[in-house]
Amino acid sequence: MNEIIKKIEDAQLKESVAEFRVGDTVKVYAKIKEGNRERIQVFEGTVLKRQNGGVRETFTVRKNSNGVGVEKTWPVHSPAVERIEVVRKGKVRRAKLNYLRTRVGKRAKVKELVK
């Protein structure tokens with residue numbers, strides 16, 4: 001990769017990113033801009049996937065809201081994401097949990113990792 005692009009991307013990286021994996025239940029504190037006001041909205045759900053790497057790394061979180069599945073994808077190093085808090089660790093054997101989209105109720109749960 002071009003050295004100039006690499007330097008620019010390295011400057012955009014966050015210093016500390018929460019340690020989370022696919023299957024974990026996380027709270028994402030996202031900044032929402034409404035007109036001239038800015039507030040923080042919490043989105044809690046299961047991490048379905050993490051893609052790419054470096055400054056382009058993204059993650060997708062899914063939750064059920066009033067019986068409707070809602071998914072959001074954020075860049076890990078985005079300034080719109082204030083922080084990511086891990087609520088519980090999940091025990092999964094896959095890198096992408098796309099099968100959770102078709103499941104409802106208890107079947108849509110991910111087992112908790114107990115150490």
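Read the figures in this text as sums done on the coordinates, not as results from a lab. Please read all numbers here as calculations on a predicted model, not as lab measurements. Positions of Cβ are generated from backbone atoms using ideal geometry, with glycine treated the same way; all protein chains shown enter the neighbour counts.
Here is a check on your reading of the model: is G54 more than 21 Å from R103 (Cα to Cα), of a type outside the set (A, V, I, L, M) and loosely packed, with under 11 Cβ neighbours inside 10 Å? It is false that G54 is more than 21 Å from R103 (Cα to Cα), of a type outside the set (A, V, I, L, M) and loosely packed, with under 11 Cβ neighbours inside 10 Å. Within region 2-25, residues that are in contact (Cβ under 8 Å) with a residue 40 or more places away in the chain have Cβ atoms under 6 Å from residues that are surrounded by 12 or more Cβ atoms within 10 Å (Cβ to Cβ) and in a helix (DSSP H, G or I) in these pairs: E9/V55; Q12/V55; L13/V55, counting only partners at least 6 apart in sequence or on another chain. On the stretch given as region 74-115, residues that are under 17 Å from Q51 (Cβ atoms) and in contact with a Phe, Trp or Tyr (Cβ under 7 Å, 6 or more places away or on another chain) total 4.
Looking across region 57-71, the residues that are within 19 Å of T102 (Cβ to Cβ), surrounded by fewer than 17 Cβ atoms within 10 Å (Cβ to Cβ) and not small (G, A, S) come down to K63, N64, N66, V68, V70, E71.
Just so you know, in region 1-42 the residues that are in a loop (DSSP other than H, G, I, E, B) and basic (K, R) include one that is surrounded by the fewest Cβ atoms within 10 Å (Cβ to Cβ), and it is K14. Testing V76 on (1) among the β-branched types (V, I, T); (2) exposed (fewer than 14 other Cβ atoms within 10 Å of the Cβ); (3) in contact (Cβ under 8 Å) with a residue 12 or more places away in the chain, one condition comes back false. Which one is that? Here V76 clears every test but (2).
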